[in-house]
Structures are given as structure tokens and as C-alpha cells.
Amino acid sequence: METLAGWGPALNIDGCARLVESGDTERFRVLMSLAPEMRARLMPLFAFNVEVSRAPWMTKEPMIAEMRLQWWRDAIAEIGAGGLIRNHEVTVPLALVVRESEIDTECLDQMIAARRWDIYMEPFEDMVHFERYLEQTSGGLFVAAAQALSCNAADLSFAQTLGKWAGLANFLRAVPRLEASGKRLFHESDVPVIRDLAQKALAELAAIPARKGSALRLVHRFGWLARPTLEKVVRNPDAVNTGGLEFSEFQKRFRLLFT
């Protein structure tokens, strides 16, 4: 198997880059600021996340959405088995990265499985269910990214925390769009808890060590809007429902510059 050393010919990430640019523009900016070797390791992971996260929303038929997610679970199982894999613009470069970096495919599988919640209209069972969803989706993505960058075990735990709460921030920013689509997100009794959850997230984010120049610091950049978003939630929880958590293009670029 070819390695990532000659990432140009061995790892064609053009298709992955197009997917991330269109489906995860904010993180695409971070990825394009990285050295080619790091970009080659991470772009397939974020493209995989885009494909999996949008799969439940591409159809109103639950059965078809389930089949789309199962397709990805089967693809990850093939990658983990180390044999032949299905040909796809994401699966091939993802397989190279996973095998070269020893990324845990169970983590990737859990990312897909958790997305089954997106298919149906029922709200989260409770806040425990919601936090588990965040840990497995966004948290799982950050763990995989940290593994791709060879973070140590302690930093993998920090990466999951970063991902979980970055996922919370992104989820809350998306609440108006999700509810407009008819999706029920929470039980009414859960709504007052959101501010408390944002406060908990900020406290845990503040406890993560700042290691400038480290791989963990790089992973941290993928959650660059998490802290300011959650601070908005704490100041004004009603902003979750009114769309008041968005940032201007200038604000986004300014915050990324100093992250």
C-alpha cells in the first residue's frame, strides 16, 4: 500500500476538498491554512463527516436514509478489515489515511450510527442522550483528527471534549433551520437546561491546556467559533431560537486569525 509520504499521487484529495468546501466552509478555511501533509491527513476525515452528516437530510424517506448510512457503515467496515474497499472519492483517500495513521474505525462507525437520530422527528430522549450524540458525532470527528495527527492518549481525551462542545455550538447555531424543517430537537422541559449546558461546556473548554504548536492546538482550531457561540448562549439563551448565534463574515475571519 502506498503511504502518505508522496501524498500528491498517492492520495488524491481533490474530491474531498470540494465536498468540505461546499459542506463545511468554516473548517475548510482551517484545513487550507495547513501544510500539505497535514491537509492530506485531515481532508478525507472532514469529507467523510460531511457525507455522513448530510445523508439523513437528502431524502424524506427514512428507509432510504437508513440505507445511506448503512452504506457508509459497510464502507468503514471494509476499511477496518484492511482488504478491498468500494471505490468512492472519499472512501479511497480515507482508507489510506486510516491505515497510515491507525485511526480507530470503531470511532468512525459510531459517528455514523449516531446520525440515525437525524432521520426521525422525535426529540432527544434527555440531555444525556443529547450529550452522547455530541460525543459520538463531533467528538468522534475531533478524536479521529487527533489520531491522524498522532496525539497522545491524554490529548485524545481533550480532543473529544473539544469536539463535543464545538458540536454543541454548531448544533445550537443550526436550531432555527432544523426546527423550520419540522424536526423536534428537545422536550420542552429540556430547553431551560441549554444555558446550563453551555456554561458546563465553557468550563470544560477553559480547563483544556493550551499547548501552542502542538497537534492538540491544531485540533482546537477546528472549534474556533465554539467559545464565542456558547458565551452568547449564556448571555442570552433566547438567541438559540431567534438565530442570534450567527457571526458576520468579518467576525469569523477575525476570530480565526487569532485562534
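The values are calculated or read from the model by the stated rules, or taken from the named source; none is laboratory data. What you see is a predicted model; the values in this text were computed from it and never measured. With ideal geometry, Cβ positions are generated from the backbone for all residues, glycine too; neighbour counts draw on all protein chains shown. Just so you know, the surface numbers come from the protein's heavy atoms only, side chains and all, with ligands and any DNA or RNA stripped out. Shrake-Rupley method; radii C 1.70, N 1.55, O 1.52, S 1.80 Å.
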- Message: Please verify whether Asp155 is over 25 Å from Pro192 (Cα atoms), touching a helix residue (DSSP H, G or I) at 6+ places or on another chain (Cβ under 6 Å) and free of Cβ contacts under 8 Å to residues at least 40 places away in the same chain, treating the condition exactly as stated.
- Response: no
- Note on the structure: Expected single match for farther than 27 Å from Leu162 by Cβ, surrounded by fewer than 19 Cβ atoms within 10 Å (Cβ to Cβ) and touching a Leu at 6+ places or on another chain (Cβ under 8 Å) among Glu78, Glu66 is Glu78
- Task: Test Glu122 against the criterion of being part of a helix (DSSP H, G or I) and touching a residue at least 24 places away in the same chain (Cβ under 8 Å), and give yes or no.
- Result: no
- Sort out which residues of the stretch 222-241 are assigned to a helix (DSSP H, G or I) and modelled with pLDDT of 90 or more, and write them in order of number. Ala226, Arg227, Pro228, Thr229, Leu230, Glu231, Lys232, Val233, Val234, Arg235, Ala239, Val240
- Is it true that Asp238 is of a type in the set (Asp, Glu), open to solvent by 30 Å² or more (accessible area, probe 1.4 Å) and in contact with a Gly (Cβ under 8 Å, 6 or more places away or on another chain)? yes
- Item | Subset of the stretch 79-103 [hydrophobic (A, V, I, L, M, F, W, C), assigned to a loop (DSSP other than H, G, I, E, B) and out of contact with any Phe, Trp or Tyr (no Cβ under 6 Å at 6 or more places or on another chain)] | Leu84, Ile85, Ile103
- Query: Being hydroxyl-bearing (Ser, Thr, Tyr), surrounded by fewer than 16 Cβ atoms within 10 Å (Cβ to Cβ) and in contact with a helix residue (DSSP H, G or I) (Cβ under 9 Å, 6 or more places away or on another chain), is that true of even one residue in the stretch 132-148?
  - Reply: no
- Of the numbered conditions (1) under 21 Å from Phe142 (Cα atoms); (2) in contact (Cβ under 8 Å) with a residue 12 or more places away in the chain; (3) within 17 Å of the chain's Cα centre (by Cα), Ala77 fails exactly one; give the number of that condition. (3)
- Filtered residues of the stretch 158-182 (kept if touching a residue at least 60 places away in the same chain (Cβ under 8 Å), in a helix (DSSP H, G or I) and more than 23 Å from Lys212 (Cβ to Cβ)): Leu168, Leu172, Arg173, Val175, Pro176, Glu179
- Message: Looking at the stretch 156-170, can you tell me whether even one residue there is open to solvent by less than 20 Å² (accessible area, probe 1.4 Å), hydroxyl-bearing (Ser, Thr, Tyr) and under 26 Å from Phe247 (Cβ atoms)?
- Response: no
- Query: What about Arg177, is it at pLDDT 85 or above, under 26 Å from Ala145 (Cβ atoms) and open to solvent by 70 Å² or more (accessible area, probe 1.4 Å)?
  - Reply: yes
- Message: Could you check the stretch 203-219 and list, in sequence order, the residues that are within 17 Å of Glu135 (Cβ to Cβ) and in a helix (DSSP H, G or I)?
- Response: Ala203, Glu204, Leu205, Val219
- Task: Take Ala207 and decide whether it is modelled with pLDDT of 90 or more and either over 27 Å from Pro176 (Cβ atoms) or more than 18 Å from the chain's Cα centre (by Cα) (or both).
- Result: yes
- Failed item in (1) in contact (Cβ under 8 Å) with a residue 40 or more places away in the chain; (2) farther than 24 Å from Val128 by Cα; (3) of a type outside the set (D, E, K, R), with Gly244 passing the rest: (1)
- Message: Looking at Leu34, Leu45, Leu19, can you tell me which residue is in contact (Cβ under 8 Å) with a residue 60 or more places away in the chain and not in a helix (DSSP H, G or I)?
- Response: Leu34
